[in-house]
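The values are calculated or read from the model by the stated rules, or taken from the named source; none is laboratory data. Just so you know, these numbers come straight off a predicted model, no measurement behind them. Here the Cβ positions follow ideal geometry from the backbone for every residue, glycine too, while neighbour counts run over all protein chains shown.
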Amino acid sequence: MNTFTTAMKQMGIVLALLFTLSGCTEKKQAPAAAAGDKAEPVKVTAYSAKSELFMEYEQPVVGEKTGFLIHLTRLSDFKPVTEGGLKMVFTPTAGEPETFSLPAPTRSGIYKIEAAFGKPGKYSLKLITDGKGFADEITVSEVQVLNKGEKPVGGHSGGGGAIAYLKEQQWVVDFMVALPVKKDLGSFVTATGELVPVSNAEATVAAPLSGIISTTRQLPFIGKKVAKGEIVAMIDPPTSPVGGIGQLGAAYAEAKNRVALAQKEYDRAKRLHDAKIAPLKRVEEAELSLSSARAALEPLEKSMESVKGEGGGRIAVRAPISGTVVEVSAGAGKGVEAGQPILRIVNTGTLWLKANLPANEIGTAGKSLNATFTVAGLTDVFKPSRLVSVSDMLDPQSRTIPVLFEVPNQSGRLKVGLFANVAIRTGSVAGALTVPRDALIEDEGRWFVFIQSSGEAFDRREVKIGVEDGGFVQITSGLTGDERVTTRGAYYVKQAESAAKGGADQGHGH
């Protein structure tokens with residue numbers, strides 16, 4: 001009778017040969033064809049709602065000890081079960097169950113149990129775990145126990161995957177396998193975009209009159225927040241009166257006098273017309289002159305109000321809007337001409353997202369658009385508050401349709417000028433078969449996933465993809481929905497595939 005140690009050594013030799021030739025190959029329960037008098041190990045993969053079981057054992061024979069090598073993985077995080085006992089309950093078609101147990105894992109995630117059976121036949125198997133906070137039951141449909149000298153009949157031929165990736169490898173990396181899920185997905189058009197200021201939330205502060213930027217007050221620095229009406233610059237009078245506060249004052253006084261004279265003429269013409277002394281035409285001419293005089297006075301009044309001389313002819317320049325200084329064009333002590341820019345202010349509390357919709361999606365522009373977007377450097381997914389406009393013209397250079405969305409930005413995290421990746425929703429797909437985006441591997445323009453054909457064996461499968469939404473991608477062909485897919489760590493399986501093609505040793509060592 002073989003001891004457990006001898007059996008495990010023999011199993012290790014056979015496993016090493018198996019992995020060298022073709023990897024760990026099995027599907028559900030697959031005793032391969034016997035090699036001489038020694039049957040190859042049976043491999044079983046089974047699942048409960050909480051656990052994955054991968055089990056290897058030699059073909060049981062009545063009266064002889066059989067070693068069962070059991071790998072238990074939590075499906076919640078795909079990490080090994082590290083504590084708690086394991087009980088194996090073998091129930092024959094007739095008779096009393098036989099129970100074998102181990103109080104704790106032999107190694108993290110691995111239980112090694114020896115069992116000896118009193119009679120041959122088919123047994124159903126239930127594995128019961130009692131780990132702290134992790135109690136579970138896993139059912140295995142059938143274990144065949146042979147009489148001495150009997151050979152297994154009608155065994156499955158295998159069906160294991162072409163890529164070997166062992167449990168010990170899976171457990172130490174960010175790895176997970178799961179069934180595809182059905183979800184309702186939105187369909188989207190992707191576009192590039194840029195964050196720009198709202199049209200009325202940007203102002204260039206220019207010198208209202210000629211003069212010299214005063215050194216008595218520091219100009220705001222880039223990034224400084226200013227309030228509407230706040231003094232942002234002082235301008236000293238120029239050495240020449242031309243274009244300065246004196247000239248503005250003179251022009252303003254002259255314009256006021258013209259308005260006063262025009263008002264008197266209009267009032268006189270109206271009285272004469274009412275007395276039937278003057279014709280209506282004279283009243284109309286006087287009214288036109290008054291309107292022209294008032295139009296000439298209005299900008300001068302605004303200029304006088306904005307500069308508000310601070311004494312000595314010095315001019316105080318005030319911010320026309322609240323916002324952040326984003327550009328400074330002048331410096332203290334430098335001369336400026338009337339109308340020359342001093343600084344630029346942008347109110348970034350609300351921004352516009354200008355998205356460039358591809359021309360071939362022109363039909364989308366007529367729909368009720370909503371969007372999400374991301375920007376480099378921030379992990380958040382941002383959502384505009386509303387659609388502002390859809391242009392009636394294509395951009396002649398990029399052949400795209402400019403679409404504007406309004407974006408709240410009270411936190412100030414979004415910056416003017418940032419480029420964005422925009423996803424514009426165009427519809428929805430109900431009940432789509434999906435996998436996480438990380439499950440997909442692209443190779444020469446084609447998409448693949450790795451199917452878990454057994455606990456430690458995988459196959460590459462080409463798939464066709466559809467819409468993507470919220471990190472999930474629709475699979476339109478290539479999956480039936482009942483295969484387990486590598487949803488995290490597909491890259492590691494790809495590495496194992498490359499190593500196998502290169503002849504790397506994938507030996508199994510427990």
(message) I'd like to know if the range 482-502 contains one or more residues that are surrounded by fewer than 20 Cβ atoms within 10 Å (Cβ to Cβ) and β-branched (Val, Ile, Thr).
(response) no
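Conditions tested, residue by residue: (1) more than 30 Å from Leu179 (Cα to Cα); (2) hydroxyl-bearing (Ser, Thr, Tyr).
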position: Pro41; (1), (2): no, no
position: Gly63; (1), (2): yes, no
position: Thr73; (1), (2): no, yes
position: Phe78; (1), (2): no, no
position: Gly85; (1), (2): no, no
position: Phe100; (1), (2): yes, no
position: Phe117; (1), (2): yes, no
position: Gly131; (1), (2): no, no
position: Phe134; (1), (2): no, no
(message) Any residue that is more than 30 Å from Val326 (Cα to Cα), within 24 Å of the chain's Cα centre (by Cα) and surrounded by fewer than 16 Cβ atoms within 10 Å (Cβ to Cβ) - is there at least one of those in the range 399-410?
(response) no
(request) Could you please give the count of residues in the range 317-354 that are more than 37 Å from the chain's Cα centre (by Cα), among the small types (Gly, Ala, Ser) and at pLDDT 85 or above? (result) 8
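Does Thr139 count as touching a residue at least 12 places away in the same chain (Cβ under 8 Å), under 14 Å from Lys50 (Cα atoms) and exposed (fewer than 15 other Cβ atoms within 10 Å of the Cβ)?
Numbers: touching a residue at least 12 places away in the same chain (Cβ under 8 Å): yes; under 14 Å from Lys50 (Cα atoms): yes; exposed (fewer than 15 other Cβ atoms within 10 Å of the Cβ): yes.
Spelling it out, Thr139 is indeed touching a residue at least 12 places away in the same chain (Cβ under 8 Å), under 14 Å from Lys50 (Cα atoms) and exposed (fewer than 15 other Cβ atoms within 10 Å of the Cβ).
Could you list all residues from the range 411-425 that are among the basic types (Lys, Arg) and buried (at least 17 other Cβ atoms within 10 Å of the Cβ)? Before you say what the answer is, go through the steps one by one.
Residues of the range 411-425 that are among the basic types (Lys, Arg), as a first pass: 413, 415, 425.
Scanning the range 411-425 gives a single hit, Arg425.
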(request) Quick one: count up the residues across the range 380-429 that are closer than 18 Å to Ser187 by Cα and of a type in the set (D, E, K, R). (result) 2
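Would you mind finding the one in Gly84, Gly95, Gly67 that is crowded, with 17+ Cβ neighbours inside 10 Å, farther than 24 Å from Ser454 by Cβ and in the same structural domain as Pro41 (by TED's automatic domain parsing)? Before the answer, list the steps.
On the way: Gly95 fails: crowded, with 17+ Cβ neighbours inside 10 Å; Gly67 fails: farther than 24 Å from Ser454 by Cβ.
Going through Gly84, Gly95, Gly67 in turn, just one is crowded, with 17+ Cβ neighbours inside 10 Å, farther than 24 Å from Ser454 by Cβ and in the same structural domain as Pro41 (by TED's automatic domain parsing): Gly84.
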(message) Exactly one condition in (1) modelled with pLDDT under 95; (2) buried (at least 18 other Cβ atoms within 10 Å of the Cβ); (3) at negative phi is false for Pro152; which is it?
(response) (2)
(request) Would you check which residues across the range 469-503 are over 15 Å from Ile441 (Cβ atoms) and in contact (Cβ under 8 Å) with a residue 12 or more places away in the chain and list them? (result) Asp469, Gly470, Gly471, Phe472, Gln474, Thr476, Ser477, Gly481, Asp482, Glu483, Arg484, Ala500
(request) Take the range 467-484 and flag every residue that is over 17 Å from Ser428 (Cβ atoms) and not in a loop (DSSP other than H, G, I, E, B). (result) Ser477
